[in-house]
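Trainee: Here's a structure for you.
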Amino acid sequence: MDVCFLETVYDIFEIPLVVVQEDSAVCQIPDNGASTLSFSKERELFDELVRFFRRREGSPAIYMENEYIYFGGFSDPENLRCYIWGPITRKDLDQHERRAYYHIHNSATGMEIKKCGTDHVSKMLAMVYYVETGKKTGHIEIPFESGNLRFDHWNSEEKMEHYQLEQSEEERGHNSVDYENELLRIVKSGDVAAMKNLMNIEPMESDEIGVVAVNSHKRMEYLVVAMITLISRAAIESGVNPEKSYELSDIYMQRLEKCRNAAEINIVGGKAQLAFTQLVQDEKKYRSTVVCVERCKDYIAKHLRKDFRVGDIAPAIGVSRVYLTRKFSETEGMTIQQYIMQERCSHAANLLKYSDYPISIISEYFCFSSQSHFGVQFKKIYGMTPNEYRKRNRYIESYGSGSQDGA
């Protein structure tokens, strides 16, 4: 294939290319070396990619190295040359993720990892493949594969037959609908005592569900992820602010990543069950029957980290400002402005306790006009400055040591 054409393709898509003949890279675009994967240092990946695209017998394909980094390419009809574009990422990589990838592949930190959707890359492959072979292929027909899974050769009917046979031989079932309904009922009722009782009587056991994964660690992880998803939606249905429910769900999902075994995952799942039930209980206890007041609170929760005015709320929820102000004060025993300040200081207190963010950043994050203004308002509510609160309440295990500033 003409090198000038390939350079033009790079100018358009900005995805690095390596051309392989026999077992050597004969062309790299761009040719500065630092912008492409150094296959001389990472022979294992090089060999895997070449084998993969040659197995395709001239057809273009996408090779998924992991959940977000991939390569696209094909070999020529005679299987003499392989054209390999990548690495490409489907998401923005942070600095830690980039360094980790460079470290795994012994590559220079200047290596380019282009962010580009697979649909865009498939169209590029279809175009270049046509120029090389004269054969047309629809970009949606280009398959995705990885080193251990052929997505285009997956036969669900065949897998289902084998799975059902194994299930019947081992007399294994799935969690009963009755148990699931009881779990959701308790969460929606906000009955913490009933939840504790359910957990004592019927603890989660991954061995009693279908084989969603062979590994017991992953099996329990999938079970807990599904459970958290269900109870977070149940909490919302019972009246919990969606933002609160989603945020709590995110916290427990993130915690699962740190679990080292199935036992730890089970503990996280149990804590999530109690946390969501408690959340519903708290909401039922304090939630007002005045619809406009609750809609006002929902608006505040969604905009807490944005610079908005009290006057923005009434038009947004479709009531008069005078009516909303009066109803809110009657129901909550405070003004809307006081409530906003209370909520902002409450969330700021959590960051002071559980993070090492400087107080100046926390102040700016919650839209206080200045750090000193934050300090004054915080002290009105907590009886101490933000710096004093952090020293008394900081949760040492949650983060490493970091700099602080006073207020």
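Trainee: On the given criteria, is ARG98 open to solvent by 40 Å² or more (accessible area, probe 1.4 Å), part of a helix (DSSP H, G or I), modelled with pLDDT of 80 or more and not hydroxyl-bearing (Ser, Thr, Tyr)? Before the answer, list the steps.
Mentor: Numbers: open to solvent by 40 Å² or more (accessible area, probe 1.4 Å): yes; part of a helix (DSSP H, G or I): yes; modelled with pLDDT of 80 or more: no; not hydroxyl-bearing (Ser, Thr, Tyr): yes.
When the stated conditions are applied, ARG98 does not pass them.
Trainee: Restricting to segment 106-115, and then to whatever is touching a Lys or Arg at 6+ places or on another chain (Cβ under 9 Å) and under 17 Å from LEU17 (Cβ atoms), can you tell me which residue is modelled with the highest pLDDT?
Mentor: Restricting to residues being touching a Lys or Arg at 6+ places or on another chain (Cβ under 9 Å) and under 17 Å from LEU17 (Cβ atoms), the top hit is LYS115.
Trainee: Then there's this: Which number in (1) over 22 Å from ARG344 (Cα atoms); (2) touching a residue at least 60 places away in the same chain (Cβ under 8 Å); (3) touching an Asp or Glu at 6+ places or on another chain (Cβ under 7 Å); (4) not small (Gly, Ala, Ser) marks the one condition that ILE265 misses?
Mentor: It fails just one condition, (2).
Trainee: Do we find that ARG392 is surrounded by fewer than 13 Cβ atoms within 10 Å (Cβ to Cβ) and assigned to a helix (DSSP H, G or I) in this structure? Before the answer, list the steps.
Mentor: Values: surrounded by fewer than 13 Cβ atoms within 10 Å (Cβ to Cβ): yes; assigned to a helix (DSSP H, G or I): yes.
Yes.
Trainee: Which one of the conditions (1) modelled with pLDDT of 90 or more; (2) surrounded by fewer than 21 Cβ atoms within 10 Å (Cβ to Cβ) does TYR222 fail to meet, given that it meets all the rest?
Mentor: Result: TYR222 passes all but (1).
Trainee: Any residue that is more than 15 Å from THR331 (Cβ to Cβ) and open to solvent by less than 30 Å² (accessible area, probe 1.4 Å) - is there at least one of those in segment 283-297?
Mentor: no
Trainee: Taking segment 336-366 as the search range and keeping residues that are in contact with a Phe, Trp or Tyr (Cβ under 7 Å, 6 or more places away or on another chain) and among the polar types (S, T, N, Q), which one is nearest to VAL376 (Cα to Cα)? Step through it out loud before you land on a result.
Mentor: Start the filter on segment 336-366 by keeping residues that are in contact with a Phe, Trp or Tyr (Cβ under 7 Å, 6 or more places away or on another chain), which leaves 336, 344-345, 347-349, 351-356, 363.
Cutting the leftovers down to among the polar types (S, T, N, Q) gives us 355, 363.
Working: SER355: 21, SER363: 11 Å.
For segment 336-366, the residue satisfying everything is SER363.
Trainee: Let me ask you something else. Could you list, ordered by first residue, the pairs with Cβ atoms under 9 Å in which the first is in segment 118-135 and outside any helix (DSSP H, G or I) and the second is aromatic (Phe, Trp, Tyr), at least 6 apart or interchain?
Mentor: LYS135/TYR129
Trainee: Only residues that are in a loop (DSSP other than H, G, I, E, B) and in contact with a Lys or Arg (Cβ under 8 Å, 6 or more places away or on another chain): list them for segment 233-261, please. Outline the logic, then answer.
Mentor: Taking segment 233-261 first, the residues in a loop (DSSP other than H, G, I, E, B) are 238-241, 257-261.
Residues satisfying the conditions are SER238, GLY239, ASN241.
Trainee: Pull out all pairs, ordered by first then second residue, where Cβ-Cβ is under 9 Å, the residues are six or more apart or on different chains, the first lies in segment 231-242 and is on the phi > 0 side of the Ramachandran plot, and the second is part of a loop (DSSP other than H, G, I, E, B).
Mentor: Listed pairs, sorted by first residue: GLY239/ARG287.
Trainee: When only residues in segment 36-61 that are aromatic (Phe, Trp, Tyr) and not in a loop (DSSP other than H, G, I, E, B) count, which is modelled with the lowest pLDDT?
Mentor: As a first pass, look at segment 36-61 and keep what is aromatic (Phe, Trp, Tyr): 39, 46, 52-53.
With not in a loop (DSSP other than H, G, I, E, B) added as a condition, the list becomes 46, 52-53.
Numbers: PHE46: 79, PHE52: 85, PHE53: 85.
The extreme case among them is PHE46.
Trainee: Right, here's the next one. Could you give every pair whose Cβ atoms fall below 9 Å, whose first residue belongs to segment 351-374 and is over 18 Å from MET341 (Cβ atoms) and among the hydrophobic types (A, V, I, L, M, F, W, C), and whose second residue is open to solvent by less than 50 Å² (accessible area, probe 1.4 Å) and at pLDDT 90 or above, counting only separations of at least 6 or pairs across chains?
Mentor: Pairs that qualify, where the first residue is over 18 Å from MET341 (Cβ atoms) and among the hydrophobic types (A, V, I, L, M, F, W, C) and the partner is open to solvent by less than 50 Å² (accessible area, probe 1.4 Å) and at pLDDT 90 or above, are ILE361/LEU351.
Trainee: Being in contact with a Gly (Cβ under 9 Å, 6 or more places away or on another chain) and open to solvent by 80 Å² or more (accessible area, probe 1.4 Å) narrows it down to one residue among ARG321, ARG326; which is it? Give the derivation first.
Mentor: Numbers: ARG326 fails: in contact with a Gly (Cβ under 9 Å, 6 or more places away or on another chain).
Within the list ARG321, ARG326, the selection yields ARG321.
The values are calculated or read from the model by the stated rules, or taken from the named source; none is laboratory data. It should be emphasised that the depicted structure is a prediction, and the values quoted were computed from it without experimental measurement. All Cβ positions, glycine included, derive from the backbone under ideal geometry; neighbour counts span all protein chains shown. Accessible surface areas use protein heavy atoms only, side chains included; no ligands, DNA or RNA. Shrake-Rupley method; radii C 1.70, N 1.55, O 1.52, S 1.80 Å.
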